[in-house]
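Any read-out appearing in this document is the output of simple, stated calculations on the displayed coordinates, not a laboratory observation. The structure presented is a predicted model; accordingly, all values stated were derived computationally and were not measured. We place every Cβ from the backbone using ideal geometry, glycine too, and count neighbours over all the protein chains shown.
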Amino acid sequence: MPKSEKISNSVIRRLPRYYRFLGELLKEGTNKISSRELAERMKLTASQIRQDLNCFGGFGQQGYGYNVSELRTEIGMILGVDKQNKAVLIGAGNLGHAIAVHLSFEKYGCKLCGIFDSDPKMIGQEMSNIKICDISRLSEFCRQNQPKIAILCIPKSAAPHICEQLIGLGVKAFWNFSHYDINLEHNDIIVENVHLGDSLLALNYCVSNAVDEKDK
């Protein structure tokens, strides 16, 4: 279990990576691993791994290392993959469709229970065996199903009204692709902002500057 002090965001950001790498080790048939071996795979230091895991009480045995399956299960529980938190998807366009169809929500601790859109052409169609509903039914649906998470795949201009509505209906967290800064008005709401363009720009910067350095 986590210790009483607040866990730093940098540690939290590394946990999904540990979870993913340990899953890959299991698929390879690796049953135990030392912090040094895990560090080499993840391009971290053994000390960093031990410090991160000690934030949650510590795992493994000196001289033995970590049981891969047990450690992955523990980290999964810390991440909440066993919770299966209900989520609604707002916006069934290209991005929303890709997320609904290609992401295994249950694998990451969520259950996609509703999809909403305002486009009459989309309403009534199905994605991942879920019928797309008219956005006008959002309030009724949330009152009945009480989702904790909303995934926003809508234009920035549409986001403020939808956010206010969802927060009023009890939604506590947003996976936000809309580029609207939800925390401007609601600093107590949990938000994970995803800016695909920013990520591509950062990659382009690295590529461009690597080329520039070679040209000097």
Per the charge dipole of the chain (beta-carbon charges, Lys/Arg positive, Asp/Glu negative, Cα centre), the residue among Ala202, Val68, His179 reaching farthest to the positive end is Val68
Asserting the computed 222 nm helical MRE of the chain (DSSP H runs at least 4 long, -39500 (n - 2.57) per run, divided by residue count, to nearest 500) equals -14000 deg cm²/dmol
Flagged as over-length at 29 Å C-alpha distance, from Lys131/Lys156; Lys32/Lys111; Lys6/Lys156, the pairs are Lys32/Lys111; Lys6/Lys156
Hydrodynamic calc, the stretch 9-79: Kirkwood Rh from Cα pairs, then Stokes-Einstein at 25 °C with viscosity 0.890 mPa s, so D in µm² s⁻¹ is 205 µm²/s
The simple spin-label model distance between Ile7 and Asn145, using points 7 Å out along Cα→Cβ, in nm, is 2.8 nm
Under Stokes-Einstein, the chain at 37 °C and 0.692 mPa s, with its Kirkwood radius over C-alpha pairs, diffuses with a coefficient in µm²/s of 165 µm²/s
When the chain is treated as a Gaussian network with springs between alpha carbons less than 10 Å apart, the largest mean-square fluctuation among Ser199, Ser47, Ser157 is found at Ser199
Computed over the chain, the relative contact order (Cα-Cα under 8 Å, seq sep at least six) in percent reads 13 percent
About its Cα centre, the chain carries a charge dipole, from +1 on Lys and Arg Cβ atoms and -1 on Asp and Glu Cβ atoms, whose size in debye to the nearest 20 is 560 debye
Restricting to Cα pairs under 8 Å and 6 or more apart, the percent relative contact order of the stretch 9-79 works out to 43 percent
